[in-house]
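*Asks:* Before we start, here is the structure in question, set down as structure tokens.
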Amino acid sequence: MGSFLTMGATAPFVIFLAGAILATATRGHIRSVIMLAVPLVGAYNLYSMPDGFVMIGMLFDYRFDILRLDKLSLLFGYLFHLAAFLGIVFSLHLRDTTQHVSGLLYAGSALGAVFAGDLITLFVFWELLAVTSAFLILARRTERARRAAMRYLIIQVLSGVILLAGALIWIDAVGNTDFGQIGLHDPATAKGLGSWLIFIAFGIKCCFPMLHNWLTDAYPEATPTGTVFLSAFTTKVAVYALARSYAGTEILVYIGATMAMFPIFFAVIENDLRRVLAYSLINQVGFMVCGIGIGTALAVNGAVSHAFNDVVFKGLLFMSMGAVLYRTNKINGSELGGLYKSMPWTTGFCIVGAASISAFPLFSGFVSKSMVMVAALEHGYSWVWLALLFASAGVFHHAGIKIPFFAFFAHDSGIRCKEAPLNMLIAMGLSAAICIFNGSYPWVLYSMLPFPVEYAPYTWAHVLTQSQLLFFSALAFCWLKLSGIYPPELPSVNIDAEVVYRKLFPALIRGTGGVIAAVDGAVRMATLRMLDGCIREIRRHHGPEGFMAKTLHLSSMVFWVVAALAFVLVLNFAHF
Amino acid sequence: MADKDQTHVFDNPRNVKRVIWALYALCGTSALLDFVIHRHVDHPWESTVFFYCIYGFVACVLLVLAAKEMRKVLMRDEDYYEKDAD
């Protein structure tokens with residue numbers, strides 16, 4: 001490891017790549033030490049870089065900006081090192097090389113993407129994110145997970161292909177490869193087409209409405225530790241990319257508000273608790289997208305700081321559900337309950353995560369989400385603000401109450417298991433500590449934000465209004481539950497936009513496939529019958545018994561020649 | 001396992017009741033504080049008394065009722081997608 005330090009600063013993904021190679025070659029405690037060292041060495045490497053540091057690579061005549069350091073990329077850089085460290089601690093009990101190595105490579109790819117200074121470098125890491133992360137789903141080693149991983153991979157690679165197409169058109173139109181402010185332009189022009197294609201590519205990874213199902217499909221199918229990694233990187237790279245290139249694009253305000261709203265309805269009726277969290281992940285990303293769309297200093301600060309907090313508290317929630325899945329082999333709300341008796345520490349940490357995502361005062365969500373909401377009000381987006389307020393109450397309902405309630409309390413499922421392994425508890429404990437620290441003392445986080453912060457989260461009004469919103473949401477849950485109105489957890493699947501490519505397309509292909517097969521069969525049969533007829537005819541004349549293939553005696557041959565001559569002679573007589 | 005017979009804190013219904021009463025108390029106190037603390041408002045709707053209390057409660061009830069209705073349309077068997085995948 002030392003060599004990286006003495007070399008001076010190196011590109012962050014290189015450290016993770018080296019770590020992945022070393023992890024492949026080692027086992028047991030040595031591998032654990034190497035894996036823990038990777039994000040620590042990486043963070044030190046980042047710390048030692050001077051402000052505005054740039055690293056350039058050359059391939060033939062092409063220049064690649066492999067590393068560009070500014071406040072925005074640095075914040076995400078530290079965040080991804082932190083997320084990688086927490087994820088690695090959480091997965092130390094594993095003896096699975098696939099998961100360890102792909103986890104490191106995936107984190108490294110995310111770092112490569114946020115430090116990319118040009119669109120081509122971004123594209124390379126964009127695709128690497130897809131490929132490396134798919135193994136975290138495949139590592140579940142079930143047929144169901146394999147299918148989900150393939151669907152995930154197809155959509156992620158599609159996003160990459162659209163990004164490449166858009167980037168090439170954009171680069172050709174503007175004359176440089178810079179990964180900077182893009183904004184949306186008239187799609188009739190080449191520049192506009194490029195900008196829209198890049199926007200859609202970012203939108204797929206960011207889970208724009210109708211493009212979001214890859215996440216709710218694949219994340220809950222990954223391994224207990226894999227989902228913790230997955231929840232941290234892909235969507236946050238997309239949030240970073242939007243903040244970098246589309247800040248102030250108004251359509252994002254409405255896209256973000258929609259993203260914050262619609263998943264909470266699905267989350268309420270979803271039975272798989274990790275899928276509930278997947279929906280709530282989209283809901284939280286909605287707040288960030290909305291902030292980026294508003295585009296002011298306060299709003300972008302809010303979006304970025306919320307991304308930071310979300311990685312930690314959503315990671316913590318996925319960790320607690322991962323621990324439950326690991327210990328009980330169950331994750332459906334309908335099968336769980338009463339686990340606080342067996343897993344008290346996990347229960348406690350889960351509640352901290354739940355309080356943080358719900359934005360309780362003193363917990364991390366409180367100091368970041370409200371920045372976006374205040375910015376929405378300040379810029380006259382009253383209806384968007386109401387939608388976000390609705391989503392805030394809703395997130396408390398499904399992630400803040402439902403997750404801990406159905407897993408750890410509710411009716412006693414009778415399951416008695418061991419508490420989560422020590423490494424999982426440490427990872428959850430560290431995450432919980434960060435949630436409380438950022439919530440109670442936000443100024444460290446604020447100092448890292450891209451714009452100077454003038455926002456004061458702890459005013460009497462903010463504390464009171466947020467508490468009222470949450471207490472009365474809890475009261476609503478309580479009332480609905482006690483009166484029996486609350487829908488029970490049922491083993492089921494809820495149809496979402498994915499029905500188009502998981503049900504309709506296959507049915508359509510089967511349907512049109514049937515027609516094509518019938519026409520194709522008929523044409524083949526007719527052709528074969530025609531050929532058969534020809535062959536039969538040829539055989540009749542030229543086959544062994546055929547007239548044309550008959551062998552004749554020489555004398556009969558002479559006879560026929562003479563006969564022919566005689567015929568000619570007769571004709572001649574007739575002539576004369 | 002041994003601790004199956006052990007009683008835990010919420011096995012006693014009185015403790016569950018206590019939690020619910022604590023929630024009522026918190027709701028009541030926070031609502032009353034609306035009269036004590038002068039709230040800075042960015043929007044006229046916010047200045048309505050108990051705005052956040054009512055909005056939080058109504059939003060959650062509507063959310064659950066709407067989600068229940070959605071279930072009637074969207075809910076399928078667990079193996080819905082696997083059924084004809086092969």
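*Asks:* Would you confirm, using the coordinates I've provided, whether A:Thr296 is touching a Cys at 6+ places or on another chain (Cβ under 7 Å), surrounded by fewer than 24 Cβ atoms within 10 Å (Cβ to Cβ), assigned by TED's automatic domain parsing to the domain that holds A:Phe451 and more than 22 Å from A:Phe390 (Cα to Cα)?
*Replies:* no
*Asks:* Identify, please: which residue in the stretch B:27-54 is touching a Ser or Thr at 6+ places or on another chain (Cβ under 9 Å) and either at the interface with chain A (Cβ under 7 Å from one of its Cβ atoms) or assigned to a loop (DSSP other than H, G, I, E, B) (or both) and is, among those, surrounded by the most Cβ atoms within 10 Å (Cβ to Cβ)?
*Replies:* B:Tyr52
*Asks:* While we're here: Quick one: would you say A:Arg144 is more than 19 Å from A:Ala232 (Cβ to Cβ), in contact with a Lys or Arg (Cβ under 9 Å, 6 or more places away or on another chain) and part of a helix (DSSP H, G or I)?
*Replies:* So A:Arg144 does not fit the description; no.
*Asks:* Could you tell me whether any residue of the stretch B:1-24 is over 30 Å from A:Ala461 (Cα atoms) and of a type in the set (Ser, Thr, Tyr)?
*Replies:* Yes, the stretch B:1-24 has at least one match.
*Asks:* Please count how many residues of the stretch A:165-189 are without any contact (Cβ under 8 Å) to a residue 40 or more places away in the chain and assigned to a helix (DSSP H, G or I).
*Replies:* Going through the stretch A:165-189 one residue at a time, the tally reaches 7.
*Asks:* Are any of the residues in the stretch A:78-91 modelled with pLDDT of 95 or more, farther than 24 Å from A:Ala420 by Cα and more than 20 Å from the chain's Cα centre (by Cα)?
*Replies:* Yes, some residue in the stretch A:78-91 is modelled with pLDDT of 95 or more, farther than 24 Å from A:Ala420 by Cα and more than 20 Å from the chain's Cα centre (by Cα).
*Asks:* Next up: For the stretch A:364-414, which positions are facing chain B (nearest Cβ under 9 Å) and not in a helix (DSSP H, G or I)?
*Replies:* The answer is A:Phe409, A:Asp412, A:Gly414.
*Asks:* Keeping to the stretch A:217-247, report how many residues are hydroxyl-bearing (Ser, Thr, Tyr) and under 9 Å from the mean Cα position of the chain (by Cα).
*Replies:* Matching residues across the stretch A:217-247 total 4.
*Asks:* Would you point out the residue of the stretch A:46-74, among those that are within 18 Å of A:Phe16 (Cβ to Cβ) and part of a helix (DSSP H, G or I), that is nearest to the chain's Cα centre (by Cα)?
*Replies:* So, considering only residues that are within 18 Å of A:Phe16 (Cβ to Cβ) and part of a helix (DSSP H, G or I), the one nearest to the chain's Cα centre (by Cα) is A:Ser73.
*Asks:* Being away from chain B (no Cβ under 14 Å) and of a type in the set (S, T, N, Q): is that true of A:Ser334 here?
*Replies:* Considered against the rule, which asks whether it is away from chain B (no Cβ under 14 Å) and of a type in the set (S, T, N, Q), A:Ser334 comes out as no.
*Asks:* Right, something else. If I filter the stretch B:4-24 for residues that are more than 7 Å from chain A (Cβ to nearest Cβ) and aromatic (Phe, Trp, Tyr), do I get at least one hit?
*Replies:* Taking every residue of the stretch B:4-24 in turn, at least one turns out to be more than 7 Å from chain A (Cβ to nearest Cβ) and aromatic (Phe, Trp, Tyr).
*Asks:* Do you know which residues across the stretch B:59-86 are within 8 Å of chain A (Cβ to nearest Cβ) and within 14 Å of the chain's Cα centre (by Cα)?
*Replies:* B:Ala59, B:Cys60, B:Val61, B:Leu63, B:Val64, B:Leu65, B:Ala67
*Asks:* Would the stretch A:375-382 turn up any residue that is within 20 Å of A:Tyr455 (Cα to Cα) and crowded, with 24+ Cβ neighbours inside 10 Å?
*Replies:* yes
*Asks:* Look through the stretch A:486-502, keep the residues that are of a type in the set (Val, Ile, Thr) and more than 7 Å from chain B (Cβ to nearest Cβ), and return whichever of them is nearest to A:Ala407 (Cα to Cα).
*Replies:* A:Val499
*Asks:* Looking at the stretch A:538-553, is at least one residue in a helix (DSSP H, G or I), without any contact (Cβ under 8 Å) to a residue 12 or more places away in the chain and either assigned by TED's automatic domain parsing to the domain that holds A:Lys402 or hydroxyl-bearing (Ser, Thr, Tyr) (or both)?
*Replies:* Scanning the stretch A:538-553, I find no residue that is in a helix (DSSP H, G or I), without any contact (Cβ under 8 Å) to a residue 12 or more places away in the chain and either assigned by TED's automatic domain parsing to the domain that holds A:Lys402 or hydroxyl-bearing (Ser, Thr, Tyr) (or both), so the answer is no.
*Asks:* Here's something else I'd like to know. Within the stretch A:518-545, work out how many residues are surrounded by 11 or more Cβ atoms within 10 Å (Cβ to Cβ) and among the aliphatic types (A, V, I, L, M).
*Replies:* Number satisfying all stated conditions: 2.
*Asks:* Let me ask you something else. Pull out all pairs, ordered by first then second residue, where Cβ-Cβ is under 9 Å, the residues are six or more apart or on different chains, the first lies in the stretch A:378-392 and is among the acidic types (Asp, Glu), and the second is surrounded by 17 or more Cβ atoms within 10 Å (Cβ to Cβ).
*Replies:* That search, which allows pairs on different chains as well, returns A:Glu378/A:Ile294; A:Glu378/A:Leu298; A:Glu378/A:Ala299.
*Asks:* Does the stretch A:417-433 hold any residues that are surrounded by fewer than 17 Cβ atoms within 10 Å (Cβ to Cβ) and either in contact with a Pro (Cβ under 8 Å, 6 or more places away or on another chain) or not in a helix (DSSP H, G or I) (or both), and which are they?
*Replies:* Of everything in the stretch A:417-433, those that are surrounded by fewer than 17 Cβ atoms within 10 Å (Cβ to Cβ) and either in contact with a Pro (Cβ under 8 Å, 6 or more places away or on another chain) or not in a helix (DSSP H, G or I) (or both) turn out to be A:Lys418, A:Glu419, A:Pro421.
*Asks:* Of the residues that make up the stretch A:502-522, is at least one out of contact with any Cys (no Cβ under 9 Å at 6 or more places or on another chain), touching a residue at least 24 places away in the same chain (Cβ under 8 Å) and under 24 Å from B:Arg76 (Cβ atoms)?
*Replies:* Yes; the residues of the stretch A:502-522 include at least one that is out of contact with any Cys (no Cβ under 9 Å at 6 or more places or on another chain), touching a residue at least 24 places away in the same chain (Cβ under 8 Å) and under 24 Å from B:Arg76 (Cβ atoms).
*Asks:* Residues B:Glu82, B:Glu78: which one is part of a loop (DSSP other than H, G, I, E, B), in contact with a strand residue (DSSP E or B) (Cβ under 7 Å, 6 or more places away or on another chain) and closer than 30 Å to A:Lys503 by Cα?
*Replies:* B:Glu78
*Asks:* Moving on. Restricting to the stretch A:449-471, name every residue that is within 11 Å of another protein chain (Cβ to nearest Cβ) and either in contact (Cβ under 8 Å) with a residue 40 or more places away in the chain or acidic (Asp, Glu) (or both).
*Replies:* A:His462, A:Val463, A:Gln466, A:Ser467, A:Leu469, A:Leu470
The values are calculated or read from the model by the stated rules, or taken from the named source; none is laboratory data. The structure presented is a predicted model; accordingly, all values stated were derived computationally and were not measured. All Cβ positions, glycine included, derive from the backbone under ideal geometry; neighbour counts span all protein chains shown.
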